[in-house]
Amino acid sequence: MTRSNATRTAVATLVAGTFLAVSACGVGGAEDVREGRKTGEVSGEITFRTLQLKPKFTGYVQGVIDAFEKKYPGAKVRWEDVPGDGYNEKLVADAQAGALPDVVNLSTDSFQLLGDRGLLADVAALDPEVAKEYVPGAWEQFKLPGKGDGVYAYPWYVTPEILTYNKELFEKSGLDPARPPTSVEQFFDYADKIAASSGGRYSAFMADPKGRLPGDWQKMGVPILSQAQDRFVFDTPKAVEWVERMKDLYAKGAMPKESLLKSDDINQLYGGGKLVFGPGSPGFVKDIRQNAPQIYAGTQVAGAVTGTLGHIGIYAQSLGVKKDTKHLDAATEFAKWVTNGPNQVEFSKNATIYPSNAQGLADPRFADRGDGKDAETVARAVGAEQLRSAALDANTPVQWTNQVGDAVVREMQKAIQGEQDPRTAVRKAQEEANQLLAKSARK
């Protein structure tokens, strides 16, 4: 129902402590970085860093590089691929040393880390016409608060949110597989029916409050931040209602008991027929096809629960260009080359990802539902449909750091287990979240 953590992070999540460490260590800001200049000549050697793409995607990436160098003989791309572990620390160290790559793969969080400190080129200013080449939701994601219309990275690949569920268990619970839930409240109603009919043999969904918030609240119309974006304001009757419903469903067995406090292997539970709703990621469907073919045959796919928002959020990987690169023409042209329509479509044939490029997303591959019976084919089409209307108001605000999420979840867990009342839990969660936000602002 909500985006999974895998969807939200795409490839790697930057822990909140990194932001504090960078501030403490004093990575230089925009005033310290001299902006590169375009010469009109695409030439020179640039460094391109990706995150954990070797060896699986070596052939694809090297092919993209070779084609670029053939088109621009004066340019040379030196590709480095680094592991996911310690990626954030490496970015920090390189930023401190003035050794960032010319073109660097960034997640949403790592983009924020470098962009806030003025280390990335404003690609919208460098090429005002390029915006139309990307899906609006993806392009808008790489703006920075307080910096107007500037965009500080080229959107690369995207992973949308969808809804997956076990058709047979749906029917056993008296639910119509052709009418999946569309709101959080309706999702909870369905879970109530599943719990009542399962006899403890299977559950409706994973509790996972960290993965569900703040997304569920946003879909219920709960405001997360004040209009000035400087304090949390989610202490509302609707947020309390969410906790009350979760507490009730947990007591009824709608969720595996252990899923409230720790992350179980949802693929294993769903693949074993013990869970009605699977993760909201197209990549999950592919995994089930490979590892649990019988369950896959009965897996149905629909658009994600969007509630009052009516659309999903968008979480894209991106390519940032170092602000002071010595070869700005080569760096920007290469970033656009990697993220163009044909190259992103080709990438999607090698991995379960979607293009952020509008031309790529318009490829017939992403509209084909086949006969409507194969879950992976349908998931690809459904995910693409949702991306076309995705918007940032469904994204987790940058102020909702891992620390904030952990603080909120602790209070939710207590309430869901009956250790404190829901109203108190929401109030205390907001107080703790605002304390963390204020502390971060002082650093």
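The values are calculated or read from the model by the stated rules, or taken from the named source; none is laboratory data. Here the structure is a predicted model, which means the values were calculated and not measured. Cβ coordinates were reconstructed from backbone atoms using ideal geometry, including for glycine residues, and neighbour counts include every protein chain displayed. When the accessible area is computed, the model is the full protein with side chains, heavy atoms only, and any ligands, DNA or RNA have been set aside. Shrake-Rupley method; radii C 1.70, N 1.55, O 1.52, S 1.80 Å.
Tell me whether region 214-226 contains one or more residues that are closer than 26 Å to Y354 by Cα and assigned to a loop (DSSP other than H, G, I, E, B).
yes
Quick test of your reading of the structure: P83 fulfils all but one of (1) surrounded by fewer than 16 Cβ atoms within 10 Å (Cβ to Cβ); (2) more than 24 Å from the chain's Cα centre (by Cα); (3) without any contact (Cβ under 8 Å) to a residue 60 or more places away in the chain. Name the failing condition by number.
The number of the failed condition is (2).
How many of the residues in region 94-108 are of a type outside the set (S, T, Y) and in a loop (DSSP other than H, G, I, E, B)?
The number of residues fulfilling the criteria is 5.
So that you can scan it fast, the table gives a plain yes or no per residue for (1) open to solvent by 50 Å² or more (accessible area, probe 1.4 Å); (2) in a helix (DSSP H, G or I); (3) more than 30 Å from V276 (Cβ to Cβ):
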{"residue": "K70", "(1), (2), (3)": "yes, yes, yes"}
{"residue": "S110", "(1), (2), (3)": "no, yes, yes"}
{"residue": "A124", "(1), (2), (3)": "no, yes, yes"}
{"residue": "P160", "(1), (2), (3)": "no, no, no"}
{"residue": "D176", "(1), (2), (3)": "yes, no, no"}
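Can you name the residue in region 381-396 that is of a type outside the set (A, V, I, L, M) and open to solvent by less than 50 Å² (accessible area, probe 1.4 Å) and is also nearest to A67 (Cα to Cα) among such residues?
Per the stated criteria, the residue is G383.
So that you can scan it fast, the table gives a plain yes or no per residue for (1) touching a Lys or Arg at 6+ places or on another chain (Cβ under 7 Å); (2) open to solvent by less than 30 Å² (accessible area, probe 1.4 Å):
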{"site": "Q317", "(1), (2)": "no, yes"}
{"site": "A335", "(1), (2)": "no, yes"}
{"site": "Q359", "(1), (2)": "no, no"}
{"site": "V378", "(1), (2)": "yes, yes"}
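For a quick check of your reading: which helices (runs of 4 or more DSSP H) sit entirely within region 344-438 and have at least 1 residues that are touching a residue at least 60 places away in the same chain (Cβ under 8 Å), closer than 19 Å to I162 by Cβ and in contact with a Pro (Cβ under 8 Å, 6 or more places away or on another chain)?
Here the list reads 358-361, 375-388.
Among the residues of region 269-283, how many are closer than 16 Å to Y202 by Cα and at pLDDT below 90?
1
Could you please find all residues in region 174-204 being out of contact with any strand residue (DSSP E or B) (no Cβ under 9 Å at 6 or more places or on another chain) and among the polar types (S, T, N, Q)?
Of everything in region 174-204, those that are out of contact with any strand residue (DSSP E or B) (no Cβ under 9 Å at 6 or more places or on another chain) and among the polar types (S, T, N, Q) turn out to be S183, Q186, S197, S198.
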